Amino acid sequence: MDELKRHRILMVSDFFYPNFGGVESHIYCLSQCLIQLGHKVVVMTHAYGNRSGVRYMTGGLKVYYIPWRPFFMQNTLPTLYGTLPIIRTILIRERISVVHGHQAFSTLCHEALMHARTMGYKSVFTDHSLYGFADVGSIHMNKVLQFTLADIDQAICVSHTSKENTVLRSGIAPEMVFVIPNAVDTAMFTPAPKRLSYDEIVIVVISRLVYRKGADLLVEVIPEVCRLHPNVRFVIGGDGLKRVRLEEMREKYSLQDRVEMLGAVPHARVRSVLVSGHIFLNSSLTEAFCIAILEAASCGLLTVSTRVGGVPEVLPDDMIVLAEPTPADMVHAITKAILLLPNINPFAMHDRMKGLYSWHDVAKRTEVVYDRALLCSGGSLLQRLPRYLNCGAWAGKLFCLVMIINFLLWQLLQLLQPSKSIEEVPDFLMLENQDKEI
């Protein structure tokens, strides 16, 4: 690739491997495809256990596990300025041109984008989740997002619903927000070689067992479905605070032989769990996109899901049965799905998913966003401060003060350790797997 067209990207988030989830999978798969397109990609996240320092992953993907420890739900403690020296060093060493932050809930993402703008780097943000407007946590999170996106170059959302939510929460101009959906590795998620018998219907649930993912809804839905359909069995993979409630429900209704609890399922085993079932059940109360639905559909499972967030945008109507997030409507949707099962061809569904979703397509569309970001005018600190003043009567002044202090600390670091004294690392590219599908 022409060096002038080649991007040097730093992906930043608190959520990355060895942790598993939608954000982690998105960053990894997108990075691999961007590398195959000829760009340089480096990931920065916090240390996981004894995994600290620099590691290399498939395709030569370089990961900085900086020595910061998580303190709440895999998030690092907010320090505002504590990460400035190490982020500055990484940006200079790797000759980064674009900083790409992921997930509004990630402390490291917000701090990296703030430092990047202070130092004049182009910045892109991807929002993976939906948030409310009424509770204390959401109000606080929305204000932080407004601060981060006040001076962002471009933003990405994974669904149109997510875009609307992000624009309302942050006040960012809609024309600065691109909609690029998630994708699925269809080569990894394939149907079972032999079609399953319909004598026993297996419904699979793979999710974090927490309130937001609808675990309380499952507690009410499962006993009723088992009562109406004696040939139905549930397989539940995942862990979380609500697992106890599900186990209590299983004991209360004596469903030990019909509800199998697997606990946390490693990502490498997800496909083997999915192909053991006929129907995939998603009971989330809020969801921006839901990669798990794509993985299930790629394995040939008919999906039953709550009609929330961006879920209705994910699959065609004949591949998913939607329901309101109420026990009665969910039970009705599952009954409807059971009747539809004889008409479902898992292999045809898998072939359709190949055409609908591809990480290569996601990477090419993200490439366009980076091109747009590089065309955005940067501006000096004085030119950028008015953008923060628009964030509120008091918050705007506070945000300006934060950015001024950050700028002064950066200038101090430039004096104590000039950029030219930081050694630049040589690029490490692997070209032998350029044509491999992801």
In percent, what relative contact order does the range 253-404 have, based on Cα pairs under 8 Å that are 6 or more apart in sequence? 16 percent
Kindly list the residues of the range 233-258 that lie in the label zone of S272, defined by a backbone N under 17 Å from the point 7 Å along the Cα-to-C-beta vector. 235-238
Potential lengthening between H360 and A328 on full extension [0.36 nm per residue; Cα-Cα distance subtracted]: 7.5 nm
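Considering only protein heavy atoms and a 1.4 Å probe, what is the carbon-and-sulfur percentage of the accessible area of the chain?
Numbers: 11360 of 19160 Å².
Carbon with sulfur: 59 percent of the solvent-accessible area.
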How large is the convex hull of the C-alpha atoms of the range 78-144 per residue, in Å³? 80 Å³
Along the principal axes of its C-alpha atoms, what lengths does the chain span, in descending order and rounded to whole Å? 73, 53, 42
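Assuming R0 = 41 Å, can you tell me the calculated FRET efficiency for the pair R93 and Y211, based on Cβ-Cβ distance, to the nearest 0.05?
On the way: r = 42 Å, r/R0 = 1.02.
Given R0 = 41 Å and the Cβ-Cβ separation, E is 0.45.
Rank these by accessible area, largest first, 1.4 Å probe: E175, E424. Walk me through the numbers on the way to the answer.
Working: E175 135, E424 100 Å².
Largest accessible area first, the list is E175, E424.
Just need the relative contact order of the range 256-333 here, percent rounded to a whole number, with Cα pairs under 8 Å and 6+ apart. Provide the component values of the computation, followed by the final result.
Details: 99 pairs, mean separation 19.9, N = 78.
Computed over the range 256-333, the figure is 25 percent.
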Of all DSSP beta bridges having both residues in the chain, the percent classed as antiparallel (nearest 5) is 15 percent
Looking only at the range 1-44, which residues have a backbone nitrogen under 19 Å from a spot 7 Å from the Cα of D135 in the C-beta direction? none
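Show me the ranking of peptides 132-141, 165-174 by mean Cβ neighbours inside 10 Å, starting with the highest. Don't skip to the end; give the middle numbers.
Numbers: 132-141: 11.0, 165-174: 18.2.
Listed from highest to lowest mean packing, they are 165-174, 132-141.
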Report the paramagnetic label zone for D239: residues of the range 15-35 whose backbone N is under 16 Å from a point 7 Å from Cα along the Cα-to-Cβ axis. 18-21
For A264 and N50, compute 0.36 nm times the residue count separating them, minus their Cα-Cα distance, and round to one decimal in nm. 74.9 nm
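To the nearest 20 Debye, how big is the dipole of the chain about its Cα centre, given +1 on the beta carbon of each Lys and Arg and -1 on that of each Asp and Glu? Before the final figure, lay out each step's value.
On the way: 43 positive and 41 negative charges, 184 e Å.
With only Lys, Arg, Asp and Glu charged at Cβ, the dipole is about 880 debye.
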For M57 paired with A187, estimate the spin-label separation in nm (one decimal), with each label point 7 Å from Cα along the Cα-to-Cβ line. 1.6 nm
Of K213/K364; K5/K364; K5/K163; K252/K336; K163/K354, pairs whose Cα-Cα distance is over 19 Å: K213/K364; K5/K163; K252/K336; K163/K354
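What number, rounded to the nearest 500 deg cm²/dmol, is the helix-based mean residue ellipticity at 222 nm of the chain, given -39500 (n - 2.57) per DSSP H run of at least four residues and division by all its residues?
On the way: 14 runs with 175 residues, N = 438.
Calculated mean residue ellipticity at 222 nm is -12500 deg cm²/dmol.
With viscosity set to 1.567 mPa s at 4 °C, what whole-number translational diffusion coefficient in µm²/s follows for the range 16-102 from Stokes-Einstein and a Kirkwood radius over Cα pairs? Provide the component values of the computation, followed by the final result.
Details: Rh = 13.8 Å.
Calculated translational D: 94 µm²/s.
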Residue with peak Gaussian network fluctuation, the chain [Cα springs, cutoff 10 Å], from K62, K420, K336: K420
How big is the range 327-438 on each of its three principal axes, counting only the C-alpha atoms and giving the largest first in Å? 70, 50, 25
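Suppose all protein chains stay in the model; what accessible area per residue would a 1.4 Å probe give for the chain, in Å²? Walk me through the intermediate numbers first.
Numbers: 19160 Å² over 438 residues.
Averaged over the residues of the chain, the accessible area is 44 Å².
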Inter-label distance, nm, simple model (7 Å from Cα along the C-beta direction), E423/L80: 3.5 nm
Of E295, E111, E251, the one that fluctuates the most in a GNM where the chain has Cα springs shorter than 10 Å: E251
Percentage relative contact order, the chain, counting C-alpha pairs under 8 Å, at least six apart: 17 percent
Which of the listed residues, I172, I203, F189, is farthest toward the dipole's positive end in the range 165-212, when Lys, Arg count +1 and Asp, Glu count -1 at the beta-carbon? I172
Working note, the range 249-320: Cα radius of gyration (Å, one decimal) and Dmax (Å, whole number) are 13.6, 37
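The values are calculated or read from the model by the stated rules, or taken from the named source; none is laboratory data. Just so it is clear, the model here is predicted, and its values are computed rather than measured. Here the Cβ is made from the backbone with ideal geometry for all residues, glycine too, and neighbour counts use every protein chain on show. SASA here: full protein model, heavy atoms, side chains in, ligands and nucleic acids out. Shrake-Rupley method; radii C 1.70, N 1.55, O 1.52, S 1.80 Å.
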